[in-house]
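Student: Supplied in structure tokens, the structure appears directly below.
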Amino acid sequence: MFADKTLTPREAVRLCALGTIASGPMRYSDLASSVRHFISRLTGPSVDLLGTSIELLRYEGLVDSVGGEGMEEDAELTITEAGQREFRNLMVAPLRPASDLSKLITALKFRFLHLLAKEDQKAQVDLLLDTSETGLNRLIDLRDAMEGEGGYLADWLDDEVQRAEARIAWLNSLRAKVGVV
């Protein structure tokens, strides 16, 4: 954890894997696929985040394999008592205030956008629209994939989709405002 007891990206992946397996036993390949799908839909593809091995969870005694020895045999995995404790510790960790570098860069683009030539403004607004639309599509895909799963994720995703749609509408109005329709 970071010094303020918030989760590192590696721990976020651990939380995703442990929470997924805490919902019920799952084959190694299915768990890996589920974690990769969930994380990439929220953060985009990231080698840094997806490099964490499920084998490490097994080595640390947080998950146990049933009827096999791990990924080479696509063993069914279950969460151990130690895994349940680690899951709880990760779940109750405090949240870090938004300090995302991409948010800073986006704010800087908006702050200085007017200083660019109209053609460059158009390119930047188009880039921001494309990024927002890609994010919206990932959220919708995740929402569809999580249909019927218990908990409150669907409600949160619905709110995120609504925010993303509002952002896209706002960016389209900015596009018209800067004269690049």
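Student: Can you order the peptides 7-15, 86-94 by their average number of other Cβ atoms within 10 Å per residue, highest first?
Tutor: Descending packing order for the listed peptides: 7-15, 86-94.
Student: To the nearest 10 Å², what's H114's accessible area with a 1.4 Å probe?
Tutor: Approximately 130 Å² for this residue.
Student: Ignoring ligands, DNA and RNA, what percent of the 1.4 Å accessible area of the stretch 130-173 is carbon and sulfur?
Tutor: Summing carbon and sulfur atoms, their accessible area is 48 percent of the total for the stretch 130-173.
The values are calculated or read from the model by the stated rules, or taken from the named source; none is laboratory data. In this text, all values refer to a predicted model and were calculated from it rather than measured experimentally. Positions of Cβ are generated from backbone atoms using ideal geometry, with glycine treated the same way; all protein chains shown enter the neighbour counts. Heads up: the accessible areas ignore ligands, DNA and RNA and are worked out on the full protein's heavy atoms, side chains in. Shrake-Rupley method; radii C 1.70, N 1.55, O 1.52, S 1.80 Å.
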